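For reference, the structure discussed in these notes is given below.
The values are calculated or read from the model by the stated rules, or taken from the named source; none is laboratory data. Predicted model only: the values in this text are computed from it and were never measured. Glycine also receives a Cβ, built like all others from the backbone with ideal geometry; neighbour counts cover every protein chain displayed. The accessibility values were calculated without ligands, DNA or RNA, using every heavy atom of the protein model including side chains. Shrake-Rupley method; radii C 1.70, N 1.55, O 1.52, S 1.80 Å.
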Amino acid sequence: MRLEDLRECVQKGLDSVKQEKTEIEVFASWNELVTMRLNYTSDIPSGGLHEPKSSQFSGIAVSSAFSNKGKTSLGFGSQANELRPRGVKEAFRKAKRGRFYDPDFRSLPSPMGSPTLVDYHDPAILDISDEEAVDLGWKALEGALRAFQEAGIKESIIVGGDVCILKELVAIKSTTGIDTFDVSTILTAAITTMVEKEGVKGTGWATSTKLAGFDPALAGREAALSAIRTIGGKRLPPGRYEVVFGSQPITDMMANVIAPSLSLATVNASNTPFLGKLGQRITSPNLNIYDDGSLPGQIGSKKVTCEGLPTGRTDLVQEGNLVGFLANHYLGRKFSSNVATFVPRNGFRFHGLGRTYEIQAGVFPTNLVVEGRQEATTEELFRGIREGVYIGRIWYTYPINGLAAGDFTSTVIGDSFLIKDGQISTPLKPNVVRINDNINRVLQNIVAVGREKKAIQVWSAEEAVIAPEIRVEGVRLDSIAAGTA
Amino acid sequence: MGMKIIFGIEALEGAKSGIREAIDYARSLKDCRYADLRVGLVETRTASSENGNPKIAREDVHSSFGVRVIAGSPQTEAWGYYAQPLGKAELGGRALWKTLRQGIDRAYQRAMVSSHRKQALRELAPALSPVRLAPVEISKDMVPARFEEDPRRIPIKEVLSEAINITRQAKSVSPEMRFAFLMMATGLTRELFFSTEGAELDQAYALTNATLLVVAQKGSAIPESFIDHIGSHGGWEAVRGKNVYNKSFLDFALERARDTAELAGAEFLPSTEKPVTVVTEPHFNTLLVHEIIGHPTEADRALKMETAYAGRSWLLRRLDDNEFGRQVASPLITAFSDPTLEGYGNYKYDAEGVPGRRVMLIEKGILRGFMNSRETAAILAQEPNGSMRATACHYVPLVRMTNTVIAPGDRNPQDILSEVEEGYYIVNHRIPSISESRENFRMSAQKVYKIENGRLTRLYRGGGITSDSREFLMSIDAVGNDLVVLPIPNCGKGQPMQVMRVGNGGPTLRGKARLTGEYTR
């Protein structure tokens, strides 16, 4: 698919349906997700690269605001796998047929500044062959297996995870002045390994927007070494502990508990622990959180949102104070007033497989950056902890009593250690500790924020979290699975 | 009524000859041992409303296909896949044949490259094996959709006005109600399955459903929210009460809204350090069964294929070290998975063309079987039982729950409650958090009642239970006779994640678990 074809489609399509007193936006997208899913088990017959696969999506969406006698009706229609003006006409007909009056609707988006991130995709990824793609998957597996071989481990090995290639093309044109396009390319490798008889699990990641320098073998190797490091793990009695969370747990908490709470979508539903707290302190004063979809080289970056507006930085938490919420155009307009404005930098049409024409723009993070006002070296982060826990990977993190209550739970599944006298000591046995705590308390009890950061994506999320290690005191850990782990 | 159907599921009829040609083409490819093609089309009307205002009204028609190929040299045969959507212009005649052929070529190419790489890596990875599919009887069949009111005949405006009416009334049940949102859809799906082994299947089903979110807040207290789902494999009649709840979507929403408003003023549940007696009711058990019986008895998970995503299963450590034939639950517990039952897991043939059948998972507490695919059945030396499904044809099929339930016992649920001197009644599932191999769970409930001398006394919110799975299942000392198969609309699995509908259910159970609640605040 060529970007030129998408641009021509929205241009000619918009011309073909234009009419007076009607705002119309035409959105066209094409994307392809190539997934190389690994499954190697040394003790069970397995395929290695189990699923070399891909899926493409393309189509058109038309959003229309029909004005009649001072009242505006909103309509939305889409047409699958059709990138010609006649598809726009059909989508417009659907929008017209289903139109309705929505009192919260103000207008379709209008131009708002210029994008700072332009021409950031890699043509080599757009043109990658099936053979090259399959090779990337096998390289990740080989990286992990070589590391196990070097460590003399031959049995009880599991290597899973995937290498993904996402290619996205969008073009948007509207009667309100939007006329833009975007091309993005993303590479990710997320590899998990186990030495099952030892009960250890390790993970490794690689992310890039360019093919050159993307090294899935290194992610595989990192995953294997990480598992090997935690052999000989111990259990932990239940209690409250000083915990240093690694980048993955911070990412998991951000993606599943914190970021949804910092969105106008949950404000709209009165379903966030931060409702009515704009301007108030919600975390330790040493914490900043912002979203920035314009960061060069990051996998959550885009030139424009799916509403055709430039991406950029939205501050959410500054020195512990709640200063903003993620917004799309629709909710930004609904909630903006003379005391608060919400810039719509996060209106995306994500559906788990990239940007899609099928749905209207919701509110999604891009690159969520977590940082400290004062950042600590790794040594400083651990200094003074007499007995604590380093948690490197958690799983199934959910706001267990609903988002607004802030309670969350999660299990520790690998990459974790006990901390003794400021040093990493004995590995923590995976799958024997459950975190049971409240996110408000965890955010308030931050003791230190690390300087080093890692960009990580969690399973099924579209955003990346650029996360440091964070030390928190008094985290409630429970001992589980006494009989089976 | 009487709308013109522009591009609908009838369009698939003309696709069959193109699919047969494509399958013939796959048969002609060198070293191609197997191929199958799934072509599907979905027609839906979707509407949403919040607080009595319209938000979404959409008419969608989506078509897509997926190819699976096994190819390569005999010792290293490998999978290759390809999928893409199909437009209106591509669904007929030569255009379809051309698109399918290109798809087969891509899948074949991937399989061949993978087979070569597998060969090259065998020294380092001796367990690399050729893909094997357990043999099955080949079927040719047509399964029509069942409905009374054709979803295609319901104007989008009617779907929208129903949604508006429901959220307007739900928002009005109490001054404490802050938010009422409903997304509802009605539609038809048709899927064709053709394979190089000769299978030719044409299955269709209707689906009408709604997901509700209600939020209530009393003063400045923490808001109380609840999400629930209602629906059935039926037409528009489901909205008026022909569904498993035997309630109109409106009555269902009003009941949930009233509960949520009442809970907004309730106390948070105190947690316990030790297990206490809990009676869990069928709605709560729907999710419990899903998480601690359904998922760990999926063969792909047990065979470690999901290690990087949704985890493994504590029921199988190695092929020669597992829980088959061992006691994993109280002798009162029998659990099975059955796609022939009514429910979201109902179908005749799975996504590999295998007839779905009842799979005994746990019999009187003893582990008996796993839901499987043809590939996992071959590895486990078992018979395929037709448990492979994909969310749509452009997704790769995975082992999925069907209607996976705990079988009903012989106890009256009221008696189970009234025998409890002191305990807790756990009502309506909310959110689960399960450990990696499903060996431990924490699951929240919408409502928790204190039981004192056999009677429900105080109501709590923000509570749930936690336990190691085996310990909880072994503690069950009473099983009710009140099984219902309820819809779970959003089971996530695979990469990219597929969200699948499954049916789950469990009758009233009595056992021991720790309460989770206020100690986290």
Nearest-0.05 FRET efficiency for residue A:3 and residue A:277, computed from C-beta distance (R0 35 Å): 0.25
Normalised contact order of chain A, rounded percent, pairs of Cα under 8 Å and 6 or more residues apart: 16 percent
Residue B:24-residue A:131 pseudo-label distance in nm [points 7 Å out on the Cα-to-Cβ vector]: 3.1 nm
Per-residue average of Cβ from other chains inside 10 Å of A:55-61: 5
Violating pairs (Cα-Cα greater than 24 angstrom) within the set B:171/B:247; A:302/B:88; B:447/B:512; A:154/A:201; A:277/B:55; B:218/B:450: A:302/B:88; A:277/B:55
Cα centroid of region A:434-485 to Cα centroid of region B:20-97, whole Å: 40 Å
Efficiency of FRET from Cβ geometry, residue A:104 and residue B:138, R₀ 45 Å, rounded to 0.05: 0.25
Chain lengthening between residue B:123 and residue B:165 when straightened (0.36 nm per residue, less Cα-Cα): 8.6 nm
Estimated inter-spin distance, residue B:89 and residue B:518, nm [label 7 Å along Cα→Cβ]: 6.7 nm
Amide H contacts of residue A:211 (H built 1.01 Å from N, under 5 Å, at least 5 apart or other chain): A:125
The protein assembly as shown shape via C-alpha gyration tensor axes, a/c threshold 1.5: rounded
Accessible surface, 1.4 Å probe, highest first, among residues A:386, B:68: A:386, B:68
Whether region A:114-217 is rounded, prolate or oblate, judged on the alpha carbon gyration tensor where a/c under 1.5 counts as rounded: prolate
Within-13-Å neighbourhood charge of residue A:238 [Cβ basis; K, R +1; D, E -1]: +3
Gyration tensor verdict on region A:318-471 (Cα atoms; rounded if a/c is under 1.5, prolate if a/b is larger than b/c, oblate otherwise): prolate
Length released on extending from residue B:415 to residue B:251, taking residue separation times 0.36 nm less the Cα-Cα span: 56.2 nm
With at most 14 neighbouring Cβ atoms within 10 Å, loop GluC sites (Glu not before Pro) (DSSP) excluded, longest segment of chain A: A:320-485
Low-density loop positions, GluC sites (Glu not before Pro), region B:180-211 - DSSP coil, at most 10 other Cβ in 10 Å: none
Packing-based order for B:270-279, B:214-223, using average beta carbon neighbours within 10 Å, highest first: B:214-223, B:270-279
Local electrostatic count at residue A:146 - Lys and Arg +1, Asp and Glu -1, tallied over other residues with Cβ under 15 Å: 0
Residue mean of other protein chain beta carbons inside 10 Å, A:431-438: 4
Taking chain B and dividing mean pair separation by its residue count, relative contact order in percent (alpha carbons under 8 Å, at least six apart): 15 percent
Surface accessible to a 1.4 Å probe, residue B:306 within the full protein complex, Å²: 0 Å²
Förster radius 51 Å - calculated FRET efficiency between residue B:364 and residue A:210, Cβ distance, rounded to 0.05: 0.30
In nm, spacing of pseudo-spin labels at residue A:197 and residue A:441 (7 Å Cα→C-beta vector): 4.1 nm
Distance between region A:1-76 and region B:266-287 - C-alpha centres, whole angstrom: 44 Å
Value of relative contact order over region A:403-485, rounded to a whole percent, pairs C-alpha under 8 Å and six or more apart: 29 percent
Loop-located GluC sites (Glu not before Pro) in region B:394-434, at most 11 other Cβ atoms within 10 Å (DSSP): B:421
Mean ellipticity per residue at 222 nm, deg cm²/dmol - from DSSP H runs of n ≥ 4 across the protein assembly as shown, formula -39500 (n - 2.57): -6000 deg cm²/dmol
Counted charge near residue A:178, where neighbours are those whose Cβ lies closer than 9 Å (Asp, Glu -1; Lys, Arg +1): -2
Dipole axis of the protein assembly as shown (+1 Lys, Arg; -1 Asp, Glu on Cβ), positive-most option in B:231, A:137, B:296: B:231
Number of partner chain Cβ atoms within 10 Å, mean per residue of B:198-209: 0
Net charge dipole size for chain A [Lys, Arg +1 and Asp, Glu -1 on Cβ; Debye, nearest 20]: 1480 debye
